[in-house]
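> I'd like to ask some things about the structure below.
All of the numbers you see were taken from the coordinates with simple rules; none came from a lab. None of the values given here were measured: they were computed from a predicted structure. In this analysis, Cβ positions are derived from the backbone assuming ideal geometry, glycine residues included, and neighbour counts consider all displayed protein chains.
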Amino acid sequence: MPSDKKHNNDGPSAADKALERFAELMIAKIETLQGDWKKPWFAPGATQPPRNLSGRHYNGGNSLMLMLQAEKMGYDIPVWGTFDRITGLNYNKDSKGNVLLARDKYGNKLPQVSVNKGEKSFPVFLTTFTVVNQETKEKIPYDDYRNLSREEQAKYKVFPKLQVFNVFNVAAQTNLEVSRPEMFEKLKAEAAGQIQHQGDLKSHPAIDKMIDDNLFLCPISQVRGDRAFYSPSKDEIVVPTREQFIDGEAFATNTLHECAHATGAESRLNRPDLGHPFGSEPYGREELTAELSAAVVASQYGLSKHVKDDSAKYLKSWLGSLREGPEFLKSILSNVRRCSTMITQRIEAIRQEMDKGEKADYSQFQAGRLSRSNDTPDLAVQAAKETGDEQHHVGRSR
């Protein structure tokens, strides 16, 4: 993630200011965990994945930080929007594209939606892409570029641009409850429906399927014992059996932690911190990447991620690194974004196959058979390496 300093050197950029706020949240959270490391990364009410008014979920670093902010402020409904997007609820377009004041079904003007006086926004990162033909200099939409063959993509050059957008919690920081009570109740009901934890030896159908049927990017072996680890040399995950954990949530989230490590393999995201000796500084950075990535993925499926026992000893060093400067947090957020995206894409692919019922075919998911390019779009990985933030389609209608 570039520092994006202002050219006139009159102060920190919007991106640097955002990172400062992110660091403050992370420091406060880790200090809390240091006092009681048995607590989950996110309180149960804050595990719901944040999304925008169009229903699209934020991911990676944005998701992580919005959940921390929601937990800090006590927000119960994880829906966010920019000032323009929120006030845009006051208008509709007719069949001819004309912008008109919003009205109810009887033709009466609806009360105006507005951000409450004195509310402070929260920053999110967004990357937009300009795609230019290297010969003709013609520009095409990024989505069109993604649909091209690799041979056709080679004719274009992609220029990512980092931007910072400021968002408000739609339910808590606006007058939506009064001005649009039906919409408010709908968002409230949807948020309540996202909590999926069952408190038994099951966690989430697609996650259970991925683990139990060995459908992840590398083999997962359940072995009775007291160790959970990822072996870079064997490209294999080993975890204790499901019955050894207190419940399915603990089993799933501990396994997701090891899945996060596995994404760092050379054949996947090639993280430099993977494979360093236990207890070393790079090992500690990799542990934080795995912990946060697993917490982000878990939250998307209604699960709470507790601090892994082996990771608790790194809480003090993580605090020291966060306080030293933004570079540590930049690299962690970049890794979390790529890592959580790769895991989520795998889970979602399995879920979609499960929806086919008897026609489902899982042979395509056998460990090691799918290449990285099939699990994570090449450009998505490339863009994440360059910027470490959200892609343009994550918050298109912010």
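> Using R₀ = 56 Å, calculate the FRET efficiency as 1/(1 + (r/R₀)^6) where r is the Cβ-Cβ separation of Lys161 and Gln244; round to 0.05.
Working: r = 48 Å, r/R0 = 0.86.
Here the calculated transfer efficiency is 0.70.
> Let me ask something else. Each residue of segment 291-298 in turn: what ³J(HN,Hα) in whole Hz from Karplus with 6.51, -1.76, 1.60 and θ = phi - 60°, glycine and Pro shown as x?
Ordered by residue, 3J(HN,Hα) equals 4, 5, 5, 5, 5, 5, 5, 4 Hz.
> For segment 83-166, go through all pairs of different Cα atoms, get the mean of 1/r, take its inverse, and jot down that Kirkwood value in Å.
Values: mean 1/r = 0.0594 Å⁻¹.
Averaging 1/r across every pair of different Cα atoms and inverting gives 16.8 Å.
> What full-extension length gain, to one decimal in nm, is calculated for Asn133 and Arg103 as 0.36 nm per residue of separation minus the Cα-Cα distance?
Working: separation 30, 0.36 × 30 = 10.80 nm, distance 4.45 nm.
Extra length from Asn133 to Arg103 when fully extended: 6.3 nm.
> What's the FRET efficiency of Arg227 with Lys96 using the Cβ-Cβ distance as r and R₀ = 41 Å, to the nearest 0.05?
Working: r = 66 Å, r/R0 = 1.61.
The computed FRET efficiency comes out at 0.05.
> Now for a different question. Over 21 Å between C-alpha atoms is what I'm after, so list which of Lys105/Lys186; Lys186/Lys209; Lys93/Lys139; Lys39/Lys72 land there. Spell out each step's value before the answer.
Details: Lys105/Lys186 18 Å; Lys186/Lys209 31 Å; Lys93/Lys139 28 Å; Lys39/Lys72 15 Å.
Over 21 Å Cα-Cα: Lys186/Lys209; Lys93/Lys139.
> Another question, if that's okay. At 0.36 nm per residue, minus the direct Cα-Cα distance, what do Tyr283 and Lys359 gain on full extension? Give it in nm, one decimal, please.
Working: separation 76, 0.36 × 76 = 27.36 nm, distance 4.29 nm.
Full-extension gain reported as 23.1 nm.
> So who's got an amide H within less than 5 Å of the one on Leu53, skipping anything under 5 residues away but keeping other chains? H placed 1.01 Å off N, in plane.
Residues meeting the amide H criterion: Trp80.
> State the extension gain, in nm to one decimal, for the chain segment bounded by Lys234 and Ala14, taking 0.36 nm per residue of separation less the distance between their alpha-carbons. List each step's numbers first, then the result.
Details: separation 220, 0.36 × 220 = 79.20 nm, distance 4.30 nm.
Residue separation times 0.36 nm, minus the Cα-Cα distance, leaves 74.9 nm.
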